[in-house]
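Reading through the structure tokens given below for one structure.
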Amino acid sequence: MGFLTKYGSAWGAIPMTAGSVFWVAPSASYTVDGKAYSASDNNDGLSPERAFVTLSAAVSASTANAGDVICLLPGAHTTASALAVSKAGLTFIGLPYGPEDTGYSVQAIPQVSITGTGAIGIAVTAANVTFVNIKFIPVTQFQAVTFTTAAHSLRFKHCMIDMQTAVGHANTKGICATGATQAPRDLRFQGCYIKAGVATTSAGYAIDVGASPQWLIERCMVYHDGAVASAVAWSVAIKVNDNANGILRDNDFIAANLALAGVTKFVEAVAMTGTSTVQAIRNTSSVNTGGLLLDDFAAGDVDLCNNYVSTVAGGTGGTLIVATT
């Protein structure tokens, strides 16, 4: 449970929970309130002064469906192998994070990051898992986070998907279903920041929703960094598979420098032969150097409402969607 700090606030109050709050430091030595401490998986993890040193220890200590929260202290956290999140109902929060961050607008870049060590970072196979205010960095040719059909109500809020730090490769991917037929219900990305821009070879998908029958990508920013020298075009930012049904609402898709290659396809459908519908509502796209906001959806698979593509000095800005027949 949470306890009062000297400032009168309560650890564990964000979110309010009746479960345990476990603390994880990014390294064996860390600082809280100006004092140095030693993190260890032999600690109980129940206080900022007695933090675990690995995420796996916090997951192991937690209880499924009890409202347990895992708080990550600021810094770069790593996983020695794929962190197996197989307990339902866990919430991971990167600090600092406060009550003012309760909306869905895009926030500042998180001060907590998670990356794998030569492998997948996190593998989610349980329902009702939430990640808040965390930067996910994939390892080259691996995924930052994977999920299966069992990961119903998987949510990412105010997170960042960093597709720029790793060396560009088609198999370097962000948060992805383990296969095209994986279909968790109520998959959500809200207020997230997705950034790419690498030289030589394009990164892979930042998000692959699999065949989720209920997915939502809302108030996110997808940004291709035009400040990277010799940046190549990002092939596809978001992938939607057959039988997926979802909502793409109030997002900004930006290719930042028209002098460089932009994004070929912001949202791509793959093999859409079944019953699928995407509601695309109030999304905006930059000129994007000739790329597309939506591509390869079967005719009738997308409902468009108030989506816009930018123009150059009042000229033609580009094509909003190209659908298959």
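The values are calculated or read from the model by the stated rules, or taken from the named source; none is laboratory data. All of these numbers come straight from a predicted model, not from anything done at the bench. As a convention, Cβ positions derive from the backbone with ideal geometry for all residues, glycine included, and neighbour counts pool all protein chains shown. Protein only, heavy atoms only, side chains kept; ligands, DNA and RNA dropped before computing areas. Shrake-Rupley method; radii C 1.70, N 1.55, O 1.52, S 1.80 Å.
What are the residues in the stretch 130-150 that are outside any loop (DSSP other than H, G, I, E, B) and either touching a helix residue (DSSP H, G or I) at 6+ places or on another chain (Cβ under 6 Å) or open to solvent by 20 Å² or more (accessible area, probe 1.4 Å) (or both), if any?
Within the stretch 130-150, Thr130, Lys135, Ile137, Gln143 meet the criteria.
Can you find even one residue in the stretch 221-233 that is over 18 Å from Ala123 (Cβ atoms), open to solvent by less than 10 Å² (accessible area, probe 1.4 Å) and within 17 Å of the chain's Cα centre (by Cα)? For the stretch 221-233, residues over 18 Å from Ala123 (Cβ atoms), open to solvent by less than 10 Å² (accessible area, probe 1.4 Å) and within 17 Å of the chain's Cα centre (by Cα): present.
There is no residue in the stretch 98-112 that is modelled with pLDDT of 95 or more, under 26 Å from Val240 (Cβ atoms) and of a type in the set (Val, Ile, Thr).
Number of residues in the stretch 258-288 that are open to solvent by 60 Å² or more (accessible area, probe 1.4 Å), touching a Leu at 6+ places or on another chain (Cβ under 9 Å) and either of a type in the set (Val, Ile, Thr) or at pLDDT below 75 (or both): the value is 1. Taking the conditions (1) at pLDDT below 90; (2) assigned to a strand (DSSP E or B) in turn, Ala229 satisfies each one other than (2). Inclusion of Thr172 among residues that are under 23 Å from Thr125 (Cα atoms) and surrounded by fewer than 22 Cβ atoms within 10 Å (Cβ to Cβ) is not warranted.
Exactly one residue among Thr273, Thr264 is of a type in the set (Ser, Thr, Tyr), touching a residue at least 12 places away in the same chain (Cβ under 8 Å) and assigned to a loop (DSSP other than H, G, I, E, B), and that residue is Thr273.
Selection of the stretch 71-93 for residues being open to solvent by 50 Å² or more (accessible area, probe 1.4 Å), part of a loop (DSSP other than H, G, I, E, B) and under 12 Å from Leu55 (Cβ atoms) yields Ala80, Ser81. Residues that are of a type in the set (Ser, Thr, Tyr) and at pLDDT 75 or above were ranked within the stretch 289-319; the one that is nearest to the chain's Cα centre (by Cα) is Tyr308.
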